[in-house]
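This report refers to the structure that appears directly beneath it.
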Amino acid sequence: MTESAEIGRYRTNLQDELDGAALYAALAAAEADPVRKDLFLQLSQAEAEHAKVWKGKLAAAGIQDVRYAPSLRTRLLARLARRFGPRFVLPAIAAAEFADRNKYSGQADAAACPPRNKAMPPWCKRLRQAGGRKERSASISPGRSAGTAAARGTNCARQCWVRTTAWCRISA
């Protein structure tokens with residue numbers, strides 16, 4: 001791959017991660033429930049950490065000043081979440097997360113970003129054992145999140161793809 005193509009890929013990955021951080025921060029700001037708010041903030045922080053990887057790669061390629069402006073999709077979803085609440089936009093976000101589940105699989109230098117198709121992680125198993133209840137979902141390890149299903153406070157057998165790691169069967 002040429003250097004300019006790699007830089008373009010880094011920029012695209014950075015934009016996607018920053019959009020994710022901005023969107024989850026907007027969901028947290030629109031959420032009234034403190035447990036769900038915390039989950040959205042954890043997701044936002046995780047996305048911001050992923051963005052650092054791509055900023056570093058751009059810096060290594062000699063590009064220091066990377067300006068960020070949220071995409072139209074991110075701005076629209078954030079506005080809809082403020083107006084109608086996070087639950088209104090979660091189906092669209094979950095669909096996008098599922099579509100991106102293998103985004104980094106063909107990018108060898110994306111190893112610093114968490115894999116999106118591993119087996120169920122231990123924190124996800126703990127959430128299942130807790131029954132996916134809102135009051136117990138706060139016990140997830142720091143820096144991890146149960147994603148949209150737990151944020152929605154769902155209650156029995158629903159498949160939900162969790163951006164930060166894997167498929168997680170949570171109560172719906």
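For ALA30, only one of the following conditions fails: (1) out of contact with any Ser or Thr (no Cβ under 8 Å at 6 or more places or on another chain); (2) touching a residue at least 60 places away in the same chain (Cβ under 8 Å); (3) surrounded by 20 or more Cβ atoms within 10 Å (Cβ to Cβ); (4) not basic (Lys, Arg). What is its number?
(2)
Taking only the range 62-77 into account, find how many residues are more than 11 Å from ALA21 (Cβ to Cβ) and either modelled with pLDDT of 95 or more or surrounded by 13 or more Cβ atoms within 10 Å (Cβ to Cβ) (or both).
Step one: filter the range 62-77 for residues more than 11 Å from ALA21 (Cβ to Cβ), giving 62-67, 69, 71-73, 75-77.
Going one step further and asking which of them are either modelled with pLDDT of 95 or more or surrounded by 13 or more Cβ atoms within 10 Å (Cβ to Cβ) (or both), we end up with 63, 66, 69, 71-73, 75-77.
Of the residues in that region, 9 qualify.
State yes or no: is ALA22 without any contact (Cβ under 8 Å) to a residue 60 or more places away in the chain and among the aliphatic types (A, V, I, L, M)? Break it down into steps so the answer makes sense when it comes.
On the way: without any contact (Cβ under 8 Å) to a residue 60 or more places away in the chain: yes; among the aliphatic types (A, V, I, L, M): yes.
Judged against the criteria, ALA22 is a match.
Given the criteria of a type in the set (A, V, I, L, M, F, W, C) and exposed (fewer than 13 other Cβ atoms within 10 Å of the Cβ), does ALA5 qualify?
Values: of a type in the set (A, V, I, L, M, F, W, C): yes; exposed (fewer than 13 other Cβ atoms within 10 Å of the Cβ): yes.
In short, yes.
Tell me which residues, restricted to the range 97-123, are modelled with pLDDT of 50 or more, of a type in the set (A, V, I, L, M, F, W, C), part of a helix (DSSP H, G or I) and surrounded by 16 or more Cβ atoms within 10 Å (Cβ to Cβ).
Selection gives ALA110 alone.
Pick out the one residue from ALA21, ALA46 that is closer than 25 Å to ASP109 by Cα, assigned to a helix (DSSP H, G or I) and touching a Gly at 6+ places or on another chain (Cβ under 7 Å).
Numbers: ALA21 fails: touching a Gly at 6+ places or on another chain (Cβ under 7 Å).
Only one candidate passes the filter, namely ALA46.
The values are calculated or read from the model by the stated rules, or taken from the named source; none is laboratory data. All of these numbers come straight from a predicted model, not from anything done at the bench. Positions of Cβ are backbone-derived with ideal geometry, glycine not excepted, and every protein chain shown enters the neighbour counts.
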